[in-house]
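All remarks here apply to the structure that follows.
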Amino acid sequence: MADEPLVLGIETSCDETGVGIVRGHTLLADAVASSVDEHARYGGVVPEVASRAHLEAMVPTIQRALKQAGVAASDLDGIAVTAGPGLAGALLVGVAAAKAYAYALGKPLYGVNHLASHICVDQLEHGALPEPTMALLVSGGHSSLLLAPDITSDVRPLGSTIDDAAGEAFDKVARVLGLGFPGGPAIDRYARDGDPAAIAFPRGLTGGRDPLYDFSFSGLKTAVARWVEARRRDGQDVPVADVAASFQEAVVDVLTRKALRACRDNGVDHLMIGGGVAANSRLRALAMERCENAGVRLRVPRPGLCTDNGAMVAALGAEMVARGRAASTFDLPADSSLPVTEVSVPGHTHGGTHTHTHEVSEGNLYG
Amino acid sequence: MLLLAFDTATPAVTAALHDGERVLAESTVVDARRHGELLVPAVDRVLGAAGRALADVTGVVVGVGPGPYTGLRVGLVTATAFGDVLGVPVHGLCTLDGLAWAAGEAGLHGPFTVATDARRKEVYWARYDGPGARVTEPAVDRPADLPGDVRALPAVGAGAALYPEHFPDRRPDPAHQSAGALAALAAHRLAAGQAFLPPLPLYLRRPDAQVPAGYKAVLPT
Ligand SMILES: [Zn+2]
């Protein structure tokens with residue numbers, strides 16, 4: 001279907017320089033340069049290190065994606081970029097790059113929301129999103145339950161974490177256990193040999209009077225640390241696999257329980273799970289089991305599309321083009337705290353006088 | 001020849017077009033917090049003012065700093081992206097050299113010092129024998145730590161204005177970085193067959209990154 005929009009997407013909200021190219025719902029290229037190894041020795045993402053790496057990787061990653069997709073930049077129907085939320089300096093590199101390419105190529109620019117992109121990426125895997133879509137987004141930066149009647153214009157937050165993000169809890173527990181950074185994959189690996197019922201860690205915000213759709217992982221993290229320290233203080237070995245499995249079970253139990261409750265309460269028969277923690281094998285397995293029992297269809301993209309990537313931004317950009325949504329103007333800001341309700345950032349209007357940027361740009365290079 | 005020049009390493013967002021002989025159009029806006037928002041509109045403005053299209057540009061000139069990093073990167077990634085799309089060379093120039101060239105245009109000739117604001121009570125600085133003749137590598141230091149003879153020279157730039165007690169012979173021009181002067185310097189260097197810097201930032205400082213101390217216990221010891 002050659003008439004579907006061909007869009008390049010740029011994602012630089014954290015430590016991955018991601019550039020994806022899609023045609024409608026078809027993934028053509030997904031190029032990623034990660035600075036995660038540079039952050040590992042710090043035990044977390046260092047913003048200045050990430051920004052420096054984005055600058056170095058940006059143009060080569062765009063070139064690689066175009067080559068992978070076998071398309072010319074001049075064939076694109078638009079350039080989409082994560083405008084927020086994320087690390088301010090990191091976002092700015094991607095936004096500036098997207099503007100430069102869009103302006104020089106005479107293509108429309110779409111500044112889009114990172115969280116909405118995490119949801120929209122599933123169109124590349126499982127086709128058009130049902131409307132509304134219920135989405136559980138879990139990563140090192142976010143833990144949210146979102147209801148999206150229209151992924152290009154209407155995303156509603158039902159609940160989110162009141163303290164740590166789920167992925168952050170994985171990182172912190174991995175540090176307690178001495179498993180390194182990032183913690184998610186390490187915990188997942190150790191947990192496979194452990195007993196998830198070995199230790200009864202607390203399930204945050206699951207009491208009768210607690211908010212239905214909000215999450216809390218800080219208490220759980222502290223409980224794990226206390227348990228481990230108490231063992232160490234008594235000179236006993238720490239059963240790393242059992243701790244990892246029991247901690248992981250506590251996280252995914254709460255996540256899936258609340259997500260399914262949200263589906264039931266809102267009459268939604270699909271659940272989409274995205275974000276880096278969606279790569280966790282136990283989350284995927286438990287979600288599958290509970291969705292089957294509840295008659296809910298589960299949609300989880302492959303792990304490579306769950307973590308931050310450019311394809312997800314391209315996927316949302318393509319949907320914006322397909323639905324004729326307004327493009328952004330070239331004074332698009334990077335907004336580190338862009339609310340999830342702002343799916344895209346259309347142009348500023350200054351008292352009725354638009355900047356002439358966009359009109360002029362159309363004639364710049366290709367007539 | 002049509003050079004598109006810009007620099008985002010100082011509080012100024014400045015863009016200019018130069019045809020090898022003269023500046024055709026220039027836009028300079030001082031707003032230290034909005035480089036990312038202002039640069040492409042500034043480029044668009046100078047192209048519009050000169051009645052030229054981006055596709056006519058034969059080379060991109062960009063200030064590579066030193067300067068506060070967040071803004072600096074906007075100019076560099078934009079220059080590299082333009083170079084990629086247009087298939088033209090991207091010429092990097094030290095931002096302080098642009099200010100030195102502008103100082104020459106303002107009538108300053110013999111030896112002088114250029115100092116810009118590096119924040120954290122420091123300045124980025126270099127010493128010049130003349131507008132096109134930098135004689136030290138760009139550096140970042142507290143003004144009080146600069147050699148006495150460097151501080152005694154005529155001085156231009158916001159760093160000198162910010163620390164008058166350390167730069168007694170301050171000159172008001174140029175008040176800000178000018179892409180027109182940067183482009184004129186580039187045209188001069190191209191005509192003389194001189195080399196340029198790669199379009200990579202002159203950071204001069206290591207990234208701020210504290211390796212977190214060992215895991216902090218939550219239980220009282
Ligand atoms: Zn993310």
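The values are calculated or read from the model by the stated rules, or taken from the named source; none is laboratory data. Everything numeric in this text was worked out from a predicted model, so none of it was measured. Positions of Cβ are generated from backbone atoms using ideal geometry, with glycine treated the same way; all protein chains shown enter the neighbour counts. Side chains included, ligands, DNA and RNA excluded: accessible areas come from the protein's heavy atoms. Shrake-Rupley method; radii C 1.70, N 1.55, O 1.52, S 1.80 Å.
When shorter helices are ignored and each DSSP H run of at least 4 residues is given -39500 (n - 2.57), the per-residue value for chain A at 222 nm works out to -13500 deg cm²/dmol. Taking trypsin sites (Lys or Arg not before Pro) across region A:125-192, none is in a DSSP loop with at most 10 further Cβ atoms lying within 10 angstrom of its Cβ.
Buried accessible surface for the A/B pair, both sides summed and rounded to the nearest 100, is 3400 Å² with a 1.4 Å probe.
Ranking A:I162, A:I10 by solvent-accessible area of protein heavy atoms (1.4 Å probe, all protein chains present), from largest to smallest, gives A:I162, A:I10. Heavy-atom accessible area, probed at 1.4 angstrom with all protein chains present, ranks A:C291, A:C14 as A:C14, A:C291, highest first.
Mind checking the dipole of chain A: about its Cα centre, +1 per Lys or Arg Cβ, -1 per Asp or Glu Cβ, Debye to the nearest 20?
Details: 31 positive and 43 negative charges, 135 e Å.
My answer is approximately 640 debye.
Amide H contacts of A:L28 (H built 1.01 Å from N, in plane; Pro and chain starts excluded): A:I21, A:V22, A:R23 sit under 5 Å, all sequence-distant by 5 or more or on other chains.
Calculate, for chain B, the solvent-accessible area per residue in square angstrom, rolling a 1.4 angstrom probe over the heavy atoms of the protein chains. Provide the component values of the computation, followed by the final result.
Values: 9040 Å² over 221 residues.
Per residue, chain B has an accessible area of 41 Å².
Taking a ≥ b ≥ c as the square roots of the eigenvalues of the alpha-carbon gyration tensor, the protein assembly as shown is classed oblate because a/c is 1.5 or more while a/b is no larger than b/c.
Just how many pairs of Lys in the protein assembly as shown have C-alpha atoms closer than 15 Å, counting pairs that are eight or more places apart or on different chains?
Numbers: A:K99/A:K107; A:K172/A:K221; A:K172/B:K216; A:K221/B:K216.
Close lysine pairs found across the protein assembly as shown: 4.
Of all the options A:H142, A:H39, A:H118, the one that moves most in a Gaussian network model of chain A with Cα springs shorter than 10 angstrom is A:H39. Report summary: the helix-based calculation at 222 nm, which adds -39500 (n - 2.57) for every DSSP H run with n ≥ 4 and divides by the residues of chain B, gives -9500 deg cm²/dmol.
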